[in-house]
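Q: The structure follows.
Rule-based calculations on the coordinates, nothing more; no lab input. Keep in mind that what you see is a predicted model, and the values were worked out from it rather than measured. Virtual Cβ from ideal backbone geometry, glycine too; neighbours counted across all protein chains shown.
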């Protein structure tokens, strides 16, 4: 990892690590969805930022993670969150494979529309098959053990704001390191090349279709892990998690943070989580303001929040050199 | 090595190539000359598997290429630097050249193949860390050829390698092609101007409106085909 990026990551991890110590439990609890989204967006951005495929149905994989946790822990009594994570990751890969086989044959708006269709189909299944999925009531996601520990002395809020918070932070760091290795490996270089110009990449021997499929499956695994965290936090998996507006939420976070940067989507997830919380406490018209923010970002900050940081760092470097 | 026989290619029902035949032997430099629209690029793209021929055969060392995808043809050892020579803009020059060393395994090591690419175009050494979008037209052309060379191909297809370049940069490209030949690679070049054909070419084909009108030694081309304004003599 490059020096500046490593320092930003270390500072970010320390700052996040201090939240449960310095801030009221409300804030630690508030940041749990951030961890879930940040992990999901690491995968989402492998597909969008690095491979050039913008999915409008990616929330289906978050839903898969949440419903997978509900089925494994609620229906089958599996109490280990690690086993549930492995299970939903595997399920994410297995579901993404056939969907990806069809979707990655297309690019641009056609890929986006196909993924949107699969997302809406998943929503309809979860909503209509009441006897299997609980319909609009959803499925309960019970409390699980983490690292084999039950934390019986903690109530749910204490668990979320303490041990589970640090567990999610550790998971984000681990998933981030794995993704860093992926995007900086020959595999990542192939993805960037085919995103630039798929035809030219193919002339150099790159198996464009297989690489796109692999990126799609990896992004689904990350989405399912993020979804399991979201399900654990609210204790429920309901159809809204796979609704197309939730997929739009993922796109919003990624654009806000900056999809051309590795850390951008994570910054976007954090910014939107905090912004949404603040706006909801101020005005019932918070969606209006979020829409205006998105429009402003697209027009004035096409590289997102990470772009501001990048420009600042470049200016500082230039001044130091002068 | 490369054998194209009676190749017929239609695009949207219009005949573009009509019974084209050409041969490239190991270590040879062969030029395909024709005006814009004559069918040079279509010939190259069909060899690379981007277009399916209506009839005819394309074989590389006896192996049929007509049913293969472009990536499979590249992995068999056909490098292609297209006319537009777009480099991957988001990747550095070093990454552009490194990429094909992972897609095809040959007896040469990755380091050796990278070193050869830079030896052919020494100027690229200075731009290793530069992004693809920060290069001039001539530099992009060099990266495009060096990148195809890093595949360590048996045969290199260069589509108009000097087209649109400043006369000052053309000698660097021609020297690069001469170095590639010395490394033992066969090279097939498409050129729209007869006068840009390198002196050291072994064989020359002239294509007009999708048909081959000359095949032979470069110094034996009829005057009607070698006029300054192109093989048509217009």
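Q: Could you line up B:196, A:58, A:123 from fewest to most neighbouring Cβ atoms inside 10 Å?
A: So the residues, fewest neighbours to most, are B:196, A:123, A:58.
Q: May I pose another question? By DSSP, what percent of the beta bridges with both residues in the stretch B:2-217 are antiparallel, rounded to the nearest 5?
A: Among the beta bridges of the stretch B:2-217, antiparallel pairing accounts for roughly 55 percent.
Q: Give me B:142, B:1 ranked fewest to most by other Cβ atoms within 10 Å of their Cβ, as a rough exposure proxy.
A: Ordered from fewest to most neighbouring Cβ atoms within 10 Å, B:142, B:1 come out as B:1, B:142.
Q: I'd like the distance between the alpha-carbon centres of the stretch A:110-189 and the stretch B:25-87, rounded to an integer number of Å.
A: 48 Å
Q: Shape verdict for the protein assembly as shown, please, from the Cα gyration tensor: rounded (a/c under 1.5), prolate (a/b greater than b/c) or oblate.
A: It comes out prolate by the Cα gyration axes.
Q: Suppose a student asked you for the relative contact order of the stretch B:143-234, using Cα pairs under 8 Å spaced at least 6 residues apart; what percent would you report?
A: Reported relative contact order: 23 percent.
Q: What is the calculated FRET efficiency for residue A:185 to residue B:195, with r their C-beta to C-beta distance and R₀ = 41 Å, to the nearest 0.05?
A: 0.35
Q: If you take the Cα Rg of the stretch B:111-234 and divide it by 2.2 N^0.38 Å, with N the number of residues, what do you get?
A: So the stretch B:111-234 has a normalised radius of gyration of 1.14.
Q: Can you show me the helix-derived [θ] at 222 nm for chain A, built from DSSP H runs with n ≥ 4 at -39,500 (n - 2.57) apiece and divided by the number of residues, rounded to the nearest 500.
A: Using -39500 (n - 2.57) per qualifying helix, the result is -24500 deg cm²/dmol.
Q: Compactness ratio of chain B: Cα Rg over 2.2 N^0.38 Å, N = residue count?
A: 0.97
Q: Other chains' Cβ within 10 Å of A:184-191 residues: what's the mean?
A: Per-residue shielding by partner chains comes out at 2.
Q: Once you average over the residues of B:69-82, how many Cβ atoms of partner chains fall within 10 Å of each Cβ?
A: Neighbouring Cβ atoms belonging to other protein chains average 4 per residue here.
Q: Determine the shape class of the stretch A:100-236: with a ≥ b ≥ c the square roots of the Cα gyration tensor eigenvalues, call it rounded for a/c under 1.5, and otherwise prolate if a/b is greater than b/c, oblate otherwise.
A: Oblate shape, in that a/c is at least 1.5 and b/c is the bigger or equal ratio.
Q: For the stretch B:125-194, just say rounded, prolate or oblate: build the C-alpha gyration tensor, square-root its eigenvalues into a ≥ b ≥ c, call rounded for a/c under 1.5, and beyond that prolate if a/b exceeds b/c, oblate if not.
A: Oblate shape, in that a/c is at least 1.5 and b/c is the bigger or equal ratio.
Q: Where both residues lie in the protein assembly as shown, what percent of DSSP beta bridges are antiparallel, nearest 5?
A: DSSP beta bridges in the protein assembly as shown are roughly 55 percent antiparallel.
Q: Treating the angle as unsigned and between 0 and 90°, give the value, to the nearest 10°, between the Cα long axis of helix B:93-103 and the longest Cα principal axis of chain B.
A: 70 degrees
Q: Separate question: Just to be sure I understand: with springs between alpha-carbon atoms less than 10 Å apart, which residue in A:270, A:194, A:204 has the highest mean-square fluctuation in the Gaussian network model of chain A?
A: Highest fluctuation of the listed residues: A:204.
Q: Any idea how far the Cα center of the stretch A:287-322 sits from the one of the stretch B:100-160, in Å?
A: Value for the Cα centre distance between the two parts: 35 Å.
Q: While we're on this one: Output the peptides B:98-104, A:219-225, B:207-213 sorted from most to least packed, where packing is the average of other Cβ atoms within 10 Å over each peptide's residues.
A: Ranking, from highest mean packing down: A:219-225, B:98-104, B:207-213.
Q: Take the Cα radius of gyration of chain A and divide it by 2.2 N^0.38 Å, with N its residue count; two decimals is plenty.
A: 0.99
Q: Highest GNM mean-square fluctuation, chain A, Cα pairs closer than 10 Å: which of A:311, A:133, A:51?
A: In this elastic network of chain A, the residue with the biggest mean-square fluctuation among A:311, A:133, A:51 is A:311.
Q: Separate question: State, to one decimal in nm, how far the label point of residue B:134 lies from the label point of residue B:25, with both points 7 Å from Cα in the Cβ direction.
A: 4.7 nm
Q: Can you put A:212, B:119, B:51 in order, fewest other beta carbons within 10 Å first?
A: B:119, B:51, A:212
Q: Can you tell me which of B:59, B:46, B:129 moves the most in a GNM of chain B? Springs connect C-alpha atoms under 10 Å apart.
A: B:129
Q: Would you calculate the convex hull of the Cα atoms in the stretch B:1-78 and tell me its volume per residue in Å³?
A: In the stretch B:1-78, the Cα convex hull volume per residue is 87 Å³.
Q: Also, quick follow-up: Which percent of Cα pairs goes in each bin when the distances of the stretch B:185-224 are cut into 10 angstrom slices starting at zero?
A: With 10 Å bins starting at 0, P(r) equals 25, 63, 12, 0.
Q: Oh, and also: Go ahead and estimate [θ] at 222 nm for chain B from helices alone: -39,500 (n - 2.57) per DSSP H run with n ≥ 4, summed, over the residue count, rounded to 500.
A: -8000 deg cm²/dmol
Q: Please average, across the residues of A:207-213, the number of beta carbons from any other chain that are within 10 Å of each residue's own beta carbon, and give a whole number.
A: Per-residue shielding by partner chains comes out at 2.
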